[in-house]
């Protein structure tokens, strides 16, 4: 902090008898009721971000029970900035499907989805706005109901109408959209088909990372299936199909790491297990792979307006295809 920056506003209070035994988020909701826009969800985000302390120690569970007399200290985040003006930019888009309500694109690795600090333009949303204007659509922000990490490739849906956006949001909430990913991982799955059910939360040691827990975090479920495994001097890799039943930040990457199957090239959750591969060329490809080898290859759902069943498949991108070829991994039924 420089000498010209004002300290972050805080709210400090001591829990009273009415707070004894209550959840921390409910206690904060009662004591901070005067803050405009306050909600339990917002408070849970503050706790998740490490902004709440009890007796001088950060708390990472909104469900933590409060005792009478506890000293609670909350850093109040600044009010959110208004969304930046979205500039329409002409950029190449791989459009998989388009009608008056819905747009599905195959996002390349390296493309940021939403504008943010450091990425005010050149994002997928900038490109979608250009396409909408070119086709006589609304000049408002295109509606995306899900997202992909910058270096994950594959399918993303955009709503072109309010009705489509509402329909997609309902489908996401009821888990009525099938989201299938292809991941190339180090190691071999313990079973042919399995399930990972672990909570996902911010890593208290590094707020830019997520971590998993059996007792904390947001409930998260990933189904997986081993499609192929390498052999001979190329032993050490598996191609895995992952289906998301929930959509948490970094979910597949975190869940695969949790079961000791880190994704090749993952800069955050990976590991240098390429050193154990005997085939020098394959080991070098894994060592130098420029991103997490994760591709959102299939979406299946009912059309958000017409209700007709629809399915979209994105071909395996060239970089992952080259990795599969070098590892001798054949994927039956994947195109």
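Each reported figure results from applying straightforward, stated rules to the coordinates on display, with no laboratory input. Keep in mind it's a predicted model, so treat the numbers as computed, not measured. Counting neighbours? That spans all protein chains shown, and the Cβs are built from the backbone with ideal geometry, glycine included.
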Percent of beta bridges antiparallel (DSSP, the chain, rounded to nearest 5): 95
Mean-position separation - Cα centroids, the stretch 58-74 and the stretch 199-230, in angstrom: 25
Projected area, mean over directions - the stretch 10-75, Cα convex hull, nm²: 3.7
Ellipsoid equivalent to the chain - semi-axes via the Cα gyration tensor, in Å: 37, 28, 19
Convex hull volume per residue for the stretch 95-173, taking Cα atoms only, in Å³: 95
Per-pair calculated FRET efficiency, R0 = 51 Å: residue 178 and residue 34 via Cβ, rounded to 0.05: 0.70
Fraction in percent of alpha-carbon pairs per bin - 10 Å, the stretch 226-322: 13, 41, 29, 12, 4, 0
Most mobile listed residue (26, 245, 323) in the chain, GNM with C-alpha springs under 10 Å: 26
Neighbour-count ranking [beta-carbon atoms within 10 angstrom, fewest first] of 319, 19: 319, 19
Convex hull per residue volume in Å³, alpha carbons only, for the stretch 93-132: 63
Sorted by Cβ neighbour density within 10 Å, fewest at the top, the residues 153, 63: 63, 153
Computed [θ] at 222 nm, deg cm²/dmol, the chain (DSSP H ≥ 4; -39,500 (n - 2.57); rounded to nearest 500): -6000 deg cm²/dmol
